[in-house]
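The structure appears below as structure tokens.
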Amino acid sequence: EEWLHNTQGVWSRNETLYIATDEKDKVGFFEPFRNAGHKLFFLDDFRELAGLDKMDPNHMGMLDVVVASRGRAFAGTFRSTFSGYINRLRGYYGMSMNDSYFGQMKEKNMMHEWHNVNFDTYAREWPDAWIGIDGDVLPSE
């Protein structure tokens, strides 16, 4: 319920959500999202269609990252390298960081602000990593 509360305003009403997670209890843990009218999908829902049983299980996390990075909006866990890499890919794709959030209230909109990279660099991906990488322009706000 905390994640649902903290991400209010991120999701459209009854929006279909793709959940990239290693949570084992996908029914109970995400029930508040279903009760709020969201239709949820997980990588396992595409196991047969995508032939996931034929793939190396060590690649499943990478597939989750690619799928999650292409969503209209993204909400991840602050200090998670998994969430950080999803944000980096969103940056590479040219997606606005104004559609990237964290599920913790204090940090919810942190990706919407430009921060000095000397702050907490191991835990997050920063726009410096994708802005201006193909040119001679230094990144700035």
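The values are calculated or read from the model by the stated rules, or taken from the named source; none is laboratory data. Quantities reported herein were computed from a predicted structural model and do not represent experimental measurements. Here the Cβ is made from the backbone with ideal geometry for all residues, glycine too, and neighbour counts use every protein chain on show. Just the protein is used for accessible areas: all its heavy atoms, side chains included, with ligands, DNA and RNA removed. Shrake-Rupley method; radii C 1.70, N 1.55, O 1.52, S 1.80 Å.
Summary of values
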read-out: Residue (of I86, G9, S96) at the positive-pole extreme of the chain, dipole from beta-carbon charges; value: G9
read-out: Cα-based helix-to-principal-axis angle, 81-92 vs the chain, degrees rounded to 10; value: 60
read-out: Accessible area, probe 1.4 Å, largest first, for residues K39, K106; value: K106, K39
read-out: Portion, in percent, of the accessible area of region 43-87 that falls on carbon or sulfur, probe 1.4 Å; value: 57
read-out: Under 23 Å from the Cα of K106 - lysines, other chains or at least 8 residues apart; value: none
read-out: Linear extension gain, F29 paired with E15, 0.36 nm per residue minus alpha-carbon span; value: 3.2 nm
read-out: Relative contact order, percent, region 1-49 [alpha-carbon distance under 8 Å, six or more residues apart]; value: 45
read-out: Size-normalised alpha-carbon gyration radius of region 15-64, reference 2.2 N^0.38 Å; value: 1.23
read-out: Solvent-accessible surface (1.4 angstrom probe) belonging to H112, in square angstrom, nearest 10; value: 60
read-out: Protection proxy ranking, peptides 69-77, 92-100, average beta carbon neighbours within 10 Å, highest first; value: 69-77, 92-100
read-out: Rounded to the nearest 20 debye, dipole of the chain from Cβ charges on Lys, Arg, Asp, Glu; value: 280
read-out: Phi to ³J(HN,Hα) by Karplus 6.51 cos²θ - 1.76 cosθ + 1.60 over region 12-25, Hz, x for Gly, Pro; value: 6, 4, 6, 5, 6, 10, 9, 10, 8, 7, 10, 4, 7, 8
read-out: Label corresponding to Rg and Dmax of the Cα atoms in Å when calculated from the structure given, among [x] 16.0, 50; [y] 17.9, 52; [z] 17.8, 64; value: [x]
read-out: For region 2-66, accessible area per residue (1.4 Å probe, heavy atoms of protein chains only), Å²; value: 69
read-out: Stretchable slack from E2 to M105, in nm (0.36 nm times residue separation minus alpha-carbon distance); value: 36.1 nm
read-out: Whether region 50-104 is rounded, prolate or oblate, judged on the alpha carbon gyration tensor where a/c under 1.5 counts as rounded; value: prolate
